[in-house]
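Have a look at the structure below before the remarks.
The values are calculated or read from the model by the stated rules, or taken from the named source; none is laboratory data. Being a predicted model, the structure only gives us computed values, none of them experimental. Please note: Cβ atoms are built from the backbone with ideal geometry, for glycine as well, and neighbour counts cover all protein chains shown. Just so you know, the surface numbers come from the protein's heavy atoms only, side chains and all, with ligands and any DNA or RNA stripped out. Shrake-Rupley method; radii C 1.70, N 1.55, O 1.52, S 1.80 Å.
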Amino acid sequence: MSTADIAAAITRAHRGEWARVVASLAKRFGDLDVAEEAAAEAFVAAVERWGTDGVPPNPGAWLTTTANRKAIDRIRRESKRDDKQKEALVAHDDDPPEPLGAIDDDRLRLIFTCCHPALAMETRVALTLRMVGGLTVPEIARAFLVQESAMGQRITRAKSKIKTAHIPYRVPDAADLPARVSGVLAVLFLVFNEGYLASGPDTDPLRHDLTAEAIRLTRLIRGLLPEDGEVAGLLALMLLTEARRTARVSATGDLVPLDQQDRGAWDAELIAEGHGLVRERLASGVAPGRYQVLAAINAVHTSARDIRDTDWSQVVALYDHLVRLDPSPVVALNRAIAVAELDGPDVALAAVDRLEPALSGYHPYHATRADLLRRLGRSQQSREAYDKAIELTDNPAEITYLTRRRDQLG
């Protein structure tokens with residue numbers, strides 16, 4: 001097995017450890033650069049050692065211990081270090097840190113550090129996707145539809161600002177939580193979305209490590225803010241989406257769209273929990289926010305025993321409400337998909353075409369157009385749209401599905 005193959009295997013098997021290792025180092029050394037670089041060096045060491053010696057019995061502990069040693073080696077090489085780093089060096093031992101309690105969670109602390117209000121919202125999201133989600137800079141750049149170099153600079157500047165501004169590594173006080181939570185929820189939503197449909201070419205199409213971690217952290221935040229409607233809404237949205245995970249990719253590796261999924265394979269327990277949260281928020285009488293509306297849309301979908309039973313008029317009405325809360329082109333695109341089921345593909349296509357200036361580099365836009373054009377019998381234009389969608393995505397399951405749909409046009 002080549003070094004590249006070993007590295008890919010270790011990344012797939014243990015990528016969930018990235019956030020835990022980085023969070024542990026950030027707490028210990030108080031420096032995100034030290035934490036990230038030491039964690040990266042530990043994973044490189046794993047490639048070199050595990051390929052020869054095999055994977056250790058406790059790979060997470062091995063990575064944490066190795067990363068701590070790498071961090072201390074780096075500090076020793078530096079001619080200057082502050083008192084906190086010296087104390088960390090003196091306190092160092094070879095034992096991995098003990099796990100913390102339910103709320104005293106290193107990864108939750110790291111999220112709140114990365115989502116400090118001193119940073120711009122997009123910067124908070126990008127930094128947390130890197131430090132907590134373990135996404136690569138190219139993956140994050142694709143999620144933001146920006147150049148890789150620009151995203152790398154944005155993340156570097158954010159880490160520098162945290163260091164120079166002495167932003168604390170902690171969960172905020174109770175009084176400060178409500179003002180800080182919106183940025184954290186935005187981050188967790190994007191981490192979950194990357195797991196729901198991975199953007200990178202060298203990862204599994206669905207990344208359960210990311211969706212599971214996003215759900216775990218959202219549960220922790222709900223424990224901190226049990227009356228916050230948007231926290232409950234995001235958790236419900238994640239649960240109702242995760243419930244469909246096992247039905248979303250076929251045995252041959254194709255992405256399976258909602259209308260073709262085996263609904264008997266959906267996780268009934270997660271659906272019941274998600275529906276319960278949606279009903280709880282409806283009963284509160286408080287006007288819903290963005291995540292609550294998205295959760296309600298997913299509740300409608302997961303309530304239907306068959307795609308033909310879906311209440312599309314309710315889905316469109318919910319999207320109408322969502323557009324008022326979030327008038328983004330992506331929301332408008334998703335609304336158009338629902339409109340196609342209610343009013344027909346010709347009406348939906350007119351709405352989709354108006355979004356071209358904003359979404360020309362967004363592969364779901366072209367995939368949606370391709371499907372609508374196919375339904376209207378415009379095969380050549382549909383083929384061209386499929387080609388563009390395939391060009392813009394790296395997800396292997398999605399490429400397989402889109403290629404098959406294109407080739408069915410003849």
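Among the residues of region 311-324, is any in contact (Cβ under 8 Å) with a residue 40 or more places away in the chain and on the phi < 0 side of the Ramachandran plot?
Looking through region 311-324, none of the residues is in contact (Cβ under 8 Å) with a residue 40 or more places away in the chain and on the phi < 0 side of the Ramachandran plot.
Considering each residue of region 255-265 in turn, at least one proves to be closer than 30 Å to Arg405 by Cα and basic (Lys, Arg).
Listed here are the helices (runs of 4 or more DSSP H) enclosed by region 1-101 that have at least 3 residues being at pLDDT 75 or above: 16-29, 32-53, 59-77. Of the helices (runs of 4 or more DSSP H) contained entirely in region 281-387, those carrying at least 2 residues that are more than 28 Å from Arg245 (Cβ to Cβ) and over 26 Å from the mean Cα position of the chain (by Cα) fall at 345-353.
Of the set (1) out of contact with any Ser or Thr (no Cβ under 6 Å at 6 or more places or on another chain); (2) buried (at least 18 other Cβ atoms within 10 Å of the Cβ), all apply to Arg374 but (1). Please verify whether Asp267 is buried (at least 16 other Cβ atoms within 10 Å of the Cβ), more than 21 Å from Gly223 (Cα to Cα), among the charged types (D, E, K, R) and in contact with a helix residue (DSSP H, G or I) (Cβ under 8 Å, 6 or more places away or on another chain), treating the condition exactly as stated. So Asp267 passes the test.
Does region 247-262 contain at least one residue that is among the hydrophobic types (A, V, I, L, M, F, W, C), modelled with pLDDT under 95 and assigned to a loop (DSSP other than H, G, I, E, B)? Looking through region 247-262, at least one residue is among the hydrophobic types (A, V, I, L, M, F, W, C), modelled with pLDDT under 95 and assigned to a loop (DSSP other than H, G, I, E, B). Here is the figure for region 348-371: residues that are surrounded by fewer than 17 Cβ atoms within 10 Å (Cβ to Cβ) and of a type in the set (D, E, K, R) total 3. Does Pro345 satisfy being open to solvent by 30 Å² or more (accessible area, probe 1.4 Å), modelled with pLDDT of 95 or more and not hydrophobic (A, V, I, L, M, F, W, C)? Spelling it out, it is not the case that Pro345 is open to solvent by 30 Å² or more (accessible area, probe 1.4 Å), modelled with pLDDT of 95 or more and not hydrophobic (A, V, I, L, M, F, W, C).
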